[in-house]
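Since the structure comes first, as structure tokens, the remarks are kept for the end.
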Amino acid sequence: MNEPQAWDVLLAKAIESAPKATTWVSSTQQRAASEAALASARRPASEGRSREWAEQFLARRARHLLDQALPRHPGLQALQAMSTPWAGWAWAWPLLALCAGALTEHLFSPDRIHLLSPALLLVLGWNWALMTALLVQQALRLRRLLGSPVLATAPAPLPRPGQEARGLWPQWLPRPGWPGPGGLAAALAPVSHALRRDWHRVARPLTASRWAARLHTGSALFALGLVASLGWKGLFAEYRVGWESAWLDAAQLQQVLATLGSWVGSPAFSLETITQLNGWQEAAAPGVGTAWFWLVTRLLLLTVVLPRGVLAALAAWRARRLAQQLAPDLTEPYYVALLATFGGARTHLQVWPYSYTLGESAHAALTRAARALHGEAATLALLPHTPYGQLPTAAPTATPPAAPGPAPASGHPVALFSLAATPETEAHGQFVRHLQAQRPPGAGALELWLDRAPLARKLGPQGSARLAEREALWRDFAARHQAQLHLIDLDT
């Protein structure tokens with residue numbers, strides 16, 4: 001799906017996943033949007049096109065849902081408008097970079113030309129260092145792709161809850177394009193936070209490519225502004241050229257300029273000319289300023305403007321391609337439940353209790369939880385509980401009960417824990433890692449179901465603080481093991 005469609009899908013998900021979803025859309029409207037999308041989205045002719053159908057169904061359903069919700073809630077309209085917060089200011093960044101480059105040389109040398117121009121040295125040094133870093137990065141990436149065991153790295157862990165939404169941005173500073181404190185009604189805060197979190201996760205490569213295109217374009221225009229400033233200065237007055245340095249003598253400076261000139265095909269300055277220019281002597285050789293200007297112009301154009309322009313074009317091309325290929329993770333419970341309920345593949349879950357013996361009524365409660373998370377067509381098999389400190393020994397069953405609709409793939413393992421237990425890296429972590437190895441390909445993150453009923457009964461109405469502390473421990477445990485945590489209550 002393209003960028004606007006992905007934004008619509010994530011906004012609809014944020015609305016429907018909010019604590020008070022019926023504030024924005026009623027259950028009747030949700031059902032009507034699903035049926036309208038189901039009627040307009042063609043069924044895939046083959047199993048290989050099922051993802052294409054799923055994305056089409058989700059995009060059309062989100063559009064139907066937002067068409068009903070947005071006109072009645074101005075706050076949601078504000079969130080919808082944030083999909084392209086900088087679109088109206090796309091021209092400002094190039095203009096600002098061009099003006100900054102034009103002013104830089106004027107600020108450093110307002111009425112004369114220094115052969116060791118600080119502005120020029122900063123621009124060239126920074127860009128050359130960055131180009132070197134990019135080349136090294138690409139070389140390391142290429143070696144990783146070729147399977148070098150020395151440079152092979154483990155996949156980065158999933159961010160902890162809220163971390164992916166903040167990144168390196170200070171929490172007290174409003175994020176550009178997103179409402180700060182008090183910017184929206186309090187009821188919209190969960191919707192805004194969920195939308196920001198999901199969009200950051202889905203569109204991170206797209207955002208990075210766009211910022212790379214902006215930065216490369218700005219750097220190229222900054223260098224062009226520097227050249228334009230030097231040319232403008234020489235249009236109305238003769239260049240007053242000279243130099244002085246506490247660390248370089250005339251021979252060393254002549255060698256530096258000769259080396260730079262050889263890179264871009266500019267003639268070298270003689271040692272006699274460099275000596276004459278030392279100390280800003282007025283009797284310096286004529287034409288030196290013009291020769292220095294063309295040397296600087298060639299250096300900036302060939303070593304800054306040209307490579308930066310190529311990198312900007314590549315980043316912009318990649319951003320345009322990514323903007324047409326955005327798609328959320330369809331293994332998330334929200335999408336799985338929607339697709340399974342309205343004709344997608346059913347999910348068969350294999351629930352493995354760990355150090356937790358369930359009562360006779362647990363199967364019905366687990367089935368309700370499975371259908372709430374994975375759609376009405378989800379099926380479930382409850383396996384024998386695994387004693388503390390051990391690994392599962394029972395063979396998993398992959399044959400779900402017969403039900404109408406597309407047949408599910410192999411069973412998805414689910415780890416079931418009690419909130420009364422404290423998560424331990426060795427015991428619980430070993431159990432989770434074992435189940436993660438049993439997941440079918442493309443199944444997404446392992447689900448951890450946490451039954452809060454035993455601890456809630458034990459603590460009573462006054463134990464909400466203890467419950468929150470224990471839930472925080474389990475959330476941290478799930479984040480460290482790259483798993484999805486779901487709180488359930490088997491007493492209801």
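What to note about this one:
- Assessment of region 369-381 against the conditions (surrounded by fewer than 22 Cβ atoms within 10 Å (Cβ to Cβ), modelled with pLDDT of 75 or more, part of a loop (DSSP other than H, G, I, E, B) and within 31 Å of the chain's Cα centre (by Cα)) yields no matching residue.
Quick grid of which residues meet (1) in a helix (DSSP H, G or I); (2) under 17 Å from Ala59 (Cβ atoms):
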residue: Leu300; (1), (2): yes, no
residue: Ala312; (1), (2): yes, no
residue: Ala315; (1), (2): yes, no
residue: Arg318; (1), (2): yes, no
residue: Leu339; (1), (2): yes, yes
residue: Gln350; (1), (2): no, no
residue: Thr357; (1), (2): no, no
residue: Ala364; (1), (2): yes, no
residue: Thr367; (1), (2): yes, no
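- Residues satisfying the stated conditions in region 320-337, i.e. assigned to a helix (DSSP H, G or I) and at pLDDT below 80: Pro333, Val336, Ala337
- Region 197-214: number of residues that are surrounded by fewer than 21 Cβ atoms within 10 Å (Cβ to Cβ), of a type in the set (Phe, Trp, Tyr) and in contact (Cβ under 8 Å) with a residue 12 or more places away in the chain: 0
- Of all residues in region 17-39, those satisfying the criterion of being at pLDDT below 80, outside any loop (DSSP other than H, G, I, E, B) and either of a type in the set (Phe, Trp, Tyr) or surrounded by 13 or more Cβ atoms within 10 Å (Cβ to Cβ) (or both) are Ala21, Thr23.
- Residue in region 101-108 that is modelled with pLDDT of 80 or more and open to solvent by 50 Å² or more (accessible area, probe 1.4 Å) present: yes
- Any hit, region 40-61, residues being touching an Asp or Glu at 6+ places or on another chain (Cβ under 9 Å), modelled with pLDDT under 80, open to solvent by 40 Å² or more (accessible area, probe 1.4 Å) and closer than 23 Å to Asp329 by Cα: yes
- Residues (surrounded by 15 or more Cβ atoms within 10 Å (Cβ to Cβ) and within 20 Å of Glu332 (Cα to Cα)) located in region 456-481: Trp474, Arg475, Phe477, Ala478, Ala479, Arg480, His481
Residue-by-condition table, conditions (1) at pLDDT 90 or above; (2) closer than 18 Å to Ala378 by Cβ; (3) over 32 Å from the mean Cα position of the chain (by Cα):
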| position | (1), (2), (3) |
| --- | --- |
| Ala409 | no, yes, no |
| Thr425 | no, no, no |
| Gln436 | no, no, no |
| Trp449 | yes, yes, no |
| Leu455 | no, no, yes |
| Glu469 | yes, no, no |
| Asp491 | no, no, yes |
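Results for (1) in a helix (DSSP H, G or I); (2) open to solvent by less than 40 Å² (accessible area, probe 1.4 Å); (3) in contact with a helix residue (DSSP H, G or I) (Cβ under 9 Å, 6 or more places away or on another chain); (4) free of Cβ contacts under 8 Å to residues at least 60 places away in the same chain, shown as yes or no for each residue.
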site: His216; (1), (2), (3), (4): yes, yes, yes, no
site: Ser219; (1), (2), (3), (4): yes, yes, yes, no
site: Phe222; (1), (2), (3), (4): yes, no, yes, no
site: Val227; (1), (2), (3), (4): yes, yes, yes, no
site: Ala246; (1), (2), (3), (4): no, no, no, yes
site: Gln252; (1), (2), (3), (4): yes, no, no, yes
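The values are calculated or read from the model by the stated rules, or taken from the named source; none is laboratory data. All of these numbers come straight from a predicted model, not from anything done at the bench. Don't worry about glycine lacking a Cβ; one is built from the backbone with ideal geometry, like all the others, and counts go over all protein chains shown. For accessibility, only protein heavy atoms count, side chains too; no ligands or nucleic acids. Shrake-Rupley method; radii C 1.70, N 1.55, O 1.52, S 1.80 Å.
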